[in-house]
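The structure appears right after this line, and notes come after that.
Derivation of every value follows stated rules applied to the coordinates shown; laboratory data play no part. The shown structure was predicted, so the numbers you read here are calculated from the model rather than taken from an experiment. Positions of Cβ are backbone-derived with ideal geometry, glycine not excepted, and every protein chain shown enters the neighbour counts.
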Amino acid sequence: MNPIQVIAVTGGKGGVGKTNVSVNLGIALSRKGRRVTLLDADLGLANVDVLLGLKPTSTLKNVLDGTAKLQDVLIEGPEGLHIVPAASGLTEMASLGPVEHAGIIGAFSEIAHQMDVLLIDTAAGISSEVTSFLCAAQEILMVVCDEPASMTDAYALIKVLNTHHGVQTIRIVSNMVRGEDDRAALFDKLRNVTSRFLDVNLIDAGTIPFDDNLRKSVQRQQPVFTQYPNSPAAKAFSKLADQIDSWPIPAQPSGHLEFFVDRLVRDNRAS
């Protein structure tokens with residue numbers, strides 16, 4: 001099996017545009033010919049399907065209770081992006097234990113041969129459910145925007161990942177920025193505070209500009225990448241996809257989905 005790129009998209013708090021980034025980035029990568037699967041890992045408040053106006057007939061809950069296989073749950077989105085929808089409004093899905101988490105990821109062995117990239121749209125916050133997915137991925141892409149709560153919560157998540165889980169590298173995407181100066185200031189602000197107190201390497205992964213077309217596309221339940229392909233936001237997602245396409249994929253076992261499963265199980269057992 002070819003190595004699979006496993007990328008977790010996260011943010012310290014809700015409302016920073018994390019799911020929008022996950023969806024549009026997945027579509028941009030699909031447009032480039034990558035076989036992309038997007039896992040909605042906000043297990044209790046799933047919204048990837050809502051953002052795209054999709055109506056799944058079965059979800060991860062059905063995989064866990066044995067009434068469906070992962071292959072049956074997959075729904076196809078724009079540009080051939082495959083989506084694994086989670087349940088919404090079910091409290092039991094938001095508080096799964098290690099066995100259930102392992103079951104979710106273990107099910108991916110069924111479809112591993114169908115993907116080049118696994119994108120994981122995590123929930124917000126610093127709970128063990130969130131950090132389990134983040135620590136199991138090869139790359140962490142953290143979405144931040146220029147507001148105090150976003151910066152404070154992003155730092156809190158980075159601190160937990162670095163001090164409790166040994167995460168050394170995190171890539172930062174600055175979202176809803178109004179100019180290049182704002183982007184540089186935002187990234188530098190976060191890097192300066194982390195470099196003072198933490199042993200972590202933050203990498204500037206790029207910028208998604210403030211774009212009213214994003215708001216319009218959300219209202220229409222359509223991705224901005226396909227709805228407004230010439231918009232500043234769509235072009236930024238394409239640029240980010242180009243960058244991700246050049247990220248190194250580990251040739252060792254860590255480049256395979258089996259490592260993802262093993263790492264997730266180990267992290268949950270240790271917690």
Checking the stretch 149-242 for trypsin sites (Lys or Arg not before Pro) in a loop per DSSP with at most 12 other beta-carbon atoms within 10 Å yields ARG178, ARG220
Taking alpha-carbon centroids only, the stretch 142-215 lies from the stretch 1-76 a number of Å equal to 23
Subtracting the Cα-Cα distance of ALA149 and LEU54 from 0.36 nm times their residue separation yields 31.1 nm
Checking rank on 228-234, 113-119, with mean other Cβ inside 10 Å and highest first, the result is 113-119, 228-234
Full extension between ASN201 and LYS32 adds, at 0.36 nm per residue less the Cα distance, a length in nm of 58.0 nm
Cross-link reach from LYS18 to aspartates and glutamates, straight Cα distance under 13 Å and at least 8 residues apart if same chain, gives ASP40, ASP42, ASP121
Residue separation between GLN221 and GLN243 times 0.36 nm, minus their alpha-carbon distance, gives in nm 5.3 nm
Classified through the alpha carbon gyration tensor (a ≥ b ≥ c as square roots of its eigenvalues; rounded if a/c is under 1.5, else prolate when a/b is larger than b/c, else oblate), the stretch 101-224 comes out oblate
